[in-house]
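See below for the structure under consideration.
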Amino acid sequence: MTSHWLRKKISLLIAIIVGILIAFLITQKDQTLKRDENRNTQKLAEYIVAKTIPVKGRAIGYGEVSPEKTLDGNAQVEGRIIYISHELKKGASVKQGAVLVKIDPSDYQLSLAKAEANLAIYQAERDKLITDKKNTQSLFTIAEQNYTLGLKALERKRKLLKQKSISQSLVEEEEQALLKLQESKQILENSLKTLPAQIKVTEAQIIQAQQDIEQQQNNLMRTVITSPFDARISQVYIEQDQFISRGSKLFTANNIGRVEINAELPVSHARVLLTGIEKIKFSNGIPSTQEVLKKLGLEAKVKLVGAFKDTHWQGKAVRLGESINQTSRTVSIIVGVDDSYQKVIPGKRPPLLKGMYTEVEFTAPARERLVIPRAVIHQNKVYTVGKNNHLIIKEVTVAYNIGELAVVEQGLVDGEKIITTDLIPAVEGMALQPELNTAQEKTILALANAEAAFK
């Protein structure tokens, strides 16, 4: 009986122990289920940390290529075409100083010889008049002396006549001799008065002859037409032995040393490039557009639209357009590109030719800005990770956009966690499971430093 009681007691003890174990397992399972339930209610939310970083302003404009200089080669003299360079053909390139056209110079050579002969005649006439003036001056001095002596002789004879020492006829003879001396003196005096005027006339004729010589020399030079710069011929209008009149069009050539692009971009995009200009100090009053662009330090990268996407040309912003396009509400920045012909790679890098349509990416120097991706802004609101990993919705003010980035003016501070995941639905205070989006942060840095593609 004792043995039976002992077995019953052991069985009861085992049953109690098994019950305790079952209860413990059930409790642990409930706790695990609660933890899993809590984890399932937390939404996964990737985030970036808001930071103020150096950001380069960027904007894109579009425009056609045009040569900086276009030469309309017009004839400045008339005559027969006696020479046309074999390089003067549509599409051909010519070097600066290359002789392109010659006009028959024979008529201008004759005119030059005639002008030179006239100059020699007028110079000889002037020299003769100057000599005559010197001689006349000498003769006039002698005539004055003779007249003075004659006058004294007449006075003496008049005194002798009063003393009745000589006759009246001798006095009259002396008076006639004095009149002749006076006449000779007067003639010489009149010559001295007219000779300076005659010299001035010949000097004016000399000046006119010199101008004729200069004109004929210029006409001779104009019979030879050269290229004033490295150029590409776009049109030819003349033929060999053709007679042309003054002003006739010979050819049209475009400068290949530099091309310009009138890049147009929306006013709102241009504002991004001009941000910070109010802090720039200018030396004298209202600055010129060239000075403004120089101070802004804009860089320009030129690409062809629709072709050679991996090829670009480095340009320079040279001036601003004169006004805003009222139709498209765009402002223009003129960009210059130097020596595109010298950097040609056949099949990969063509020269920039007139009429090519281009995309110009402008980049301004970096300025400290707090930027976030535009995609994380939802109707002027952003989702942030608050304390205890709960969602906080904040309203922000955006100063302006730079492609995929938005410059935040108000509403955020450095260090805040900005959610990049698109939460649907987004309920204030909801539990979050945050995870740092390092790839997005690297993208932001690349975009801010103008190292990633601009969209």
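The values are calculated or read from the model by the stated rules, or taken from the named source; none is laboratory data. Everything numeric here is computed off the predicted structure, so don't read it as measured data. Heads up, the Cβs are rebuilt from the backbone with ideal geometry, glycines too, and the neighbour counts pull from every protein chain shown.
For the reader, a short list of remarks on this structure follows.
- Selection over region 242-265 of residues that are over 14 Å from ASP72 (Cα atoms) and in contact with a strand residue (DSSP E or B) (Cβ under 6 Å, 6 or more places away or on another chain) gives a count of 11.
- When LYS157, LYS128, LYS180, LYS152 are checked against the criterion of being assigned to a helix (DSSP H, G or I), basic (Lys, Arg) and at pLDDT 90 or above, a single residue qualifies: LYS128.
- Considering region 219-267, the qualifying strands (runs of 3 or more DSSP E), each wholly inside and each with 2 or more residues that are within 20 Å of GLU68 (Cα to Cα), run over 231-236, 249-255, 258-266.
- Just one of the listed residues (GLY79, GLY97) is surrounded by fewer than 16 Cβ atoms within 10 Å (Cβ to Cβ), on the phi > 0 side of the Ramachandran plot and at pLDDT 85 or above, namely GLY97.
- The set of residues in region 221-236 being under 15 Å from ILE82 (Cα atoms) and either surrounded by fewer than 17 Cβ atoms within 10 Å (Cβ to Cβ) or in contact with a Leu (Cβ under 6 Å, 6 or more places away or on another chain) (or both) consists of MET221, ARG222, VAL224, ILE225, THR226.
- As a summary of the residue check, LYS387 satisfies the conditions (1) farther than 30 Å from LEU304 by Cβ; (2) touching a residue at least 40 places away in the same chain (Cβ under 8 Å); (3) of a type outside the set (Val, Ile, Thr); (4) surrounded by fewer than 20 Cβ atoms within 10 Å (Cβ to Cβ) except for the one numbered (2).
- Meets criteria (touching a strand residue (DSSP E or B) at 6+ places or on another chain (Cβ under 9 Å) and over 14 Å from THR52 (Cα atoms)) for GLN433: yes
- Test for SER111: is it crowded, with 16+ Cβ neighbours inside 10 Å, under 60 Å from the mean Cα position of the chain (by Cα) and polar (S, T, N, Q): yes
- Which numbered condition ILE213 misses (of (1) assigned to a loop (DSSP other than H, G, I, E, B); (2) within 30 Å of ALA75 (Cβ to Cβ)): (1)
- Test: residue in region 191-213 that is surrounded by fewer than 17 Cβ atoms within 10 Å (Cβ to Cβ), among the acidic types (Asp, Glu) and either more than 60 Å from the chain's Cα centre (by Cα) or over 30 Å from ASP107 (Cα atoms) (or both): no
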